[in-house]
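The values are calculated or read from the model by the stated rules, or taken from the named source; none is laboratory data. Treat the numbers as computed from the prediction; the structure is a model and nothing was measured. Heads up, the Cβs are rebuilt from the backbone with ideal geometry, glycines too, and the neighbour counts pull from every protein chain shown. Heads up: the accessible areas ignore ligands, DNA and RNA and are worked out on the full protein's heavy atoms, side chains in. Shrake-Rupley method; radii C 1.70, N 1.55, O 1.52, S 1.80 Å.
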Amino acid sequence: MEGISDIRISGIDVNRPPLIRKEPYIDLFFALTHKAPKDWCDDFNLLVSKQKNAAKIVPAKGLFIEAWVRKPDEIEILLRALKKAVEVCSEEYIAKINAAISAASSSQKKKTGDEGEQGRLNKIIAALDFD
């Protein structure tokens, strides 16, 4: 099973290869190793929106990073930046999931009354031996 930490740029979309057009830019479609979750895509789009050549992922599809450059010489620089963005996004996404799990866990502990006098009472009752 593939996870968030396995998301990488695996190449160029074979169905949409880069073409030099008369407009002053080249569209690029980078394929990901597997489909990314919608929330991850939203986080990625927010992260890279501040970069010079803003890239994006269509969250509903989650398979390709769409970007552009003005000159062919800029492609390697863009790819390095996007690879770093994918790595950072995955790390932040995993940290966010872990924080949510931790918050849910601590919330559950509070609900069960494991703190204070009620927690002490619950432990005493649970330890009673009725044999």
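What is the one condition in (1) open to solvent by 30 Å² or more (accessible area, probe 1.4 Å); (2) closer than 19 Å to E91 by Cα that P17 does not satisfy?
Failed condition: (2).
Considering only region 59-95, state which residues are closer than 15 Å to D27 by Cα and under 15 Å from the mean Cα position of the chain (by Cα).
If the condition is that a residue be closer than 15 Å to D27 by Cα and under 15 Å from the mean Cα position of the chain (by Cα), then F64, I65, L82 are the ones that fit.
For the list (1) at pLDDT below 90; (2) surrounded by 10 or more Cβ atoms within 10 Å (Cβ to Cβ); (3) more than 20 Å from I26 (Cβ to Cβ), I need the number of the one condition that Q51 fails.
For Q51, the exception is condition (3).
Name the pairs: first residue in region 31-53 and farther than 15 Å from E91 by Cα, second residue acidic (D, E) and outside any loop (DSSP other than H, G, I, E, B), Cβ to Cβ under 9 Å, at least 6 apart or on different chains?
Close Cβ pairs satisfying both conditions: T33/D6; H34/D6; N53/E74.
Cβ-Cβ under 8 Å, sequence separation 6+ or interchain: first residue in region 1-25 and among the aromatic types (F, W, Y), partner part of a loop (DSSP other than H, G, I, E, B). Which pairs?
So the pair list comes out as Y25/R70.
Looking at E66 and the list (1) open to solvent by 60 Å² or more (accessible area, probe 1.4 Å); (2) in a strand (DSSP E or B); (3) not basic (K, R), which single condition is not satisfied?
(1)
Somewhere in region 109-129, is a residue in a helix (DSSP H, G or I), over 22 Å from the mean Cα position of the chain (by Cα), at pLDDT below 90 and polar (S, T, N, Q)?
Checked against the condition, which is being in a helix (DSSP H, G or I), over 22 Å from the mean Cα position of the chain (by Cα), at pLDDT below 90 and polar (S, T, N, Q), region 109-129 yields at least one hit.
Any residue at all in region 88-102 that is open to solvent by less than 60 Å² (accessible area, probe 1.4 Å) and acidic (D, E)?
For region 88-102, residues open to solvent by less than 60 Å² (accessible area, probe 1.4 Å) and acidic (D, E): absent.
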